[in-house]
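The values are calculated or read from the model by the stated rules, or taken from the named source; none is laboratory data. Keep in mind it's a predicted model, so treat the numbers as computed, not measured. Heads up, the Cβs are rebuilt from the backbone with ideal geometry, glycines too, and the neighbour counts pull from every protein chain shown.
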Amino acid sequence: MIFQGRTANQLARQLVNPKTNGNKTLQQLKEHADDGLVKAGWNMGEGRTAPPISHEEFKKAWLTWIEKGAYAPKGK
């Protein structure tokens, strides 16, 4: 996955940068939470482990993060 090995700062910057997020605006990122590709992460197939939170919990945190300014924690 393109997220593996990233620091919290790197991941936050990657997610909000249109050059690295599929050319999405912050509004489009909000809508992306309900995209089939994102929801597929909670569709467990054989040998897959469910994420530690539900999709609803993820969506709430995702929207809160974006609405509060998509903060990128300090770091590399």
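Some notes on this structure:
- Answer residue from segment 17-33, given it is under 16 Å from residue 64 (Cα atoms) and touching a helix residue (DSSP H, G or I) at 6+ places or on another chain (Cβ under 7 Å) and is surrounded by the most Cβ atoms within 10 Å (Cβ to Cβ) among those: 29
- Taking the listed residues 61, 72, 8, 12, the one that is touching a helix residue (DSSP H, G or I) at 6+ places or on another chain (Cβ under 6 Å) and at pLDDT 90 or above is 72, with no other qualifying.
- Any pair with Cβ under 9 angstrom, 6 or more apart, that starts in segment 36-50 at a residue that is within 15 Å of residue 62 (Cβ to Cβ) and ends at one that is charged (D, E, K, R) and outside any loop (DSSP other than H, G, I, E, B): 38/59
- Selection within segment 17-31 - at pLDDT below 95 and under 11 Å from the mean Cα position of the chain (by Cα): 21
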